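Quick notes on the structure that follows.
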Amino acid sequence: ATITLSGPASAWFGVGFGADSMCLHMDGDECPEGGPYAVIVSGDVVVERKLELHGPGSKLEPSIAVASNTAEGGVRTVVLTRALKGKSARHFSFDMSRASEKFVAAVGHGLTFDRHAQHGSGNLAFMAVGERSCVCRDGLRHFINGNPFPYPSNCWAPPLSDVLAQRNPSCFGDTYGGGKKCCIHGHFLLDADQEVPESTQEYRLKFRFYFEEYSPGPKPSHVNLIRLYHMTEMRNGEYDIVPCLPGTPPESCVQVLTARWKVRDMMRACPSGQRVDCTGSDSTDASKVAGLHLLYAGPHCHAPDCLSMELYNADTGRLLCRMEPEFGASDEVYDERGYVALPPCLWGDISEGLQQPELLPLDTTLLSIKRNNNTVGHYGEMASWQMRAAVIPRAEAGSAAQRPHAEAQVRRGRDSGDGSHV
């Protein structure tokens, strides 16, 4: 492939392939796969990088050859050649069976690779050389402050989520009224008569860490946990609460969203710690893994109109976790008046007053049911599950299967922290 890039001679410029933002695939508020592969030009230097969300990422092993690099009239033009197939999994591979490919582009303030001064995105249309190409209209494109609205829609069809079947306004550019997609890094959401504040703001955070000493045996005192995450609204990352019809009794103003997925859909077969969503190299191999013990399930929704979130084992109909927001009613710690708590569900050792977890094989179907009061509508609602679990090897499946199942009402804890062990 031959790639020609042009940009200002006095500043760095670059192009990232396979994405229309600094993230390949947003998963709610997170970017587990990082940013796109990019080619960055800084004067006479041309490098390849694997970007991160709002970060420079890391340099890659070179796979390009610079055919020419010239500057004239303040414009630098670079001609590159490289193989269509990426040199590694972190390099981008061009698929010539596709009619087009997303890209992002940015220009810096100077030759030092740093925060961009301008950025944008678009689509590369691939045309056959020396042959006729069909040009088709495939729908309108929408933009928010110059940033493309996802097309096709990020919303998924049932059973993975109801959000598309309900034609939620958040799914389409022509009905999107507001929400997370308006909150973009580097953009200010202010009234027209306000001045943009200073770009740098200082603030301080205080963290308190608790730990327990590990005891190896004969029964280990702690088990390694993997991080699991799933959204009832799937990859859309948000959805609208649509107002109920006028005249509806307040107790009947309830909007329901459901989703069904497999336990294995949350698993990623890569070494734990390599990425935030890695669950272990063999974690998706049913011949080696009997399933999971769910030990923490933290539902995420926006109070105070969030009525409840429920998680079921859909194969058995067993309720695994139910959360109802708890409203503070005093001046006591964790019960402060004016605050709302979303207590998580916890499982563990009976001797510690917890229910023992149920073994969930990889092909177990989970069901999430989210209920909101929709007397008044609003944007940017979420319905995600942030969970921690222990992977149970086949060798331990017998003893795990003999343990009591968790009852429908599990113990709910006040601490909703994201500890890495239980």
message: Using 0.36 nm times the number of residues separating Asp282 and Gln194, minus their current alpha carbon distance, what extension gain do you get?
response: 26.3 nm
- line: Long-range share for the chain, i.e. C-alpha pairs more than 30 Å apart as a percent of all pairs, stands at 55 percent
- prompt: How much space per residue, in cubic angstrom, does the convex hull of the C-alpha atoms of segment 308-396 take up?
  reply: 153 Å³
statement: Averaged per residue, the 1.4 Å probe accessible area of segment 166-246, protein heavy atoms only, in Å², is roughly 77 Å²
- request: Tally up the carbon and sulfur contribution to the accessible surface of the chain as a whole percent, 1.4 Å probe, everything protein left in place.
  value: 53 percent
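Please compute the alpha carbon radius of gyration of segment 1-64, then divide it by the globular-protein estimate 2.2 N^0.38 Å. Two decimals is fine.
Scaled against compact globular proteins, the figure is 1.17.
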- line: One finds, for Ala71 and Asp335 with R0 = 60 angstrom and r their Cβ-Cβ distance, a FRET efficiency to the nearest 0.05 of 0.35
task: Calculate the all-directions average of the projected area of segment 164-221's alpha-carbon convex hull, and give it in nm².
output: 10.4 nm²
Whole-Hz couplings from phi, Karplus 6.51/-1.76/1.60, listed for segment 243-252; x for Gly and Pro: x, 5, 5, x, x, 5, x, x, 5, 9
- request: Starting from segment 308-356, pick out the GluC sites (Glu not before Pro) whose DSSP state is loop and whose Cβ has at most 11 other Cβ atoms within 10 Å.
  value: Glu332
message: At a threshold of 8 angstrom on Cα-Cα distance, excluding pairs fewer than six apart, so keeping six or more, what relative contact order does segment 124-274 reach in percent?
response: 29 percent
- prompt: Mind checking which of Leu140, Leu228, Leu320 has the largest fluctuation in a GNM of the chain, springs on alpha carbons under 10 Å?
  reply: Leu140
query: Hey, if we sort Trp156, Trp12 by accessible area with the 1.4 Å probe, largest down, what's the order?
result: Trp156, Trp12
- line: With label points set 7 Å from each Cα along the Cα-to-Cβ direction at Glu202 and Ser93, the distance between them in nm comes to 4.9 nm
statement: Checking rank on 73-85, 383-395, with mean other Cβ inside 10 Å and highest first, the result is 383-395, 73-85
query: What ³J(HN,Hα) values, in whole Hz, does the Karplus curve 6.51 cos²θ - 1.76 cosθ + 1.60 give for segment 263-276 when θ = phi - 60°, with x put for Gly and Pro?
result: 4, 5, 5, 8, 9, 10, 7, 8, x, 4, x, 5, 9, 5
task: List the residues whose amide H sits under 5 Å from the amide H of Leu228, counting only those 5 or more places along or on another chain, with H placed 1.01 Å from N in the peptide plane.
output: Met387, Arg388, Ala389
Relative contact order [Cα under 8 Å, 6+ residues apart], segment 20-124, whole percent: 19 percent
- prompt: What fraction of the Cα pairs in segment 266-312, stated in percent, has a spacing above 12 angstrom?
  reply: 71 percent
statement: GNM on the chain, Cα springs under 10 Å; top mean-square fluctuation among Gly247, Gly178, Gly55 goes to Gly247
query: Name the GluC sites (Glu not before Pro) in segment 45-137 that are in a loop by DSSP and that have at most 10 other C-beta atoms within 10 Å, would you?
result: Glu131
statement: To the nearest Å², the heavy-atom accessible area per residue of segment 21-154 with 1.4 Å probe amounts to 62 Å²
task: Select from Cys301, Cys244, Cys171 the residue whose mean-square fluctuation is largest in a Gaussian network model of the chain (Cα-Cα springs shorter than 10 Å).
output: Cys244
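The values are calculated or read from the model by the stated rules, or taken from the named source; none is laboratory data. Keep in mind that this is a model prediction, so the values were computed, not measured. All Cβ positions, even for glycine, are placed from backbone atoms using ideal geometry, and neighbour counts span all protein chains on display. Accessible surface is based on the protein model in full, side chains and every heavy atom, while ligands, DNA and RNA are left aside. Shrake-Rupley method; radii C 1.70, N 1.55, O 1.52, S 1.80 Å.
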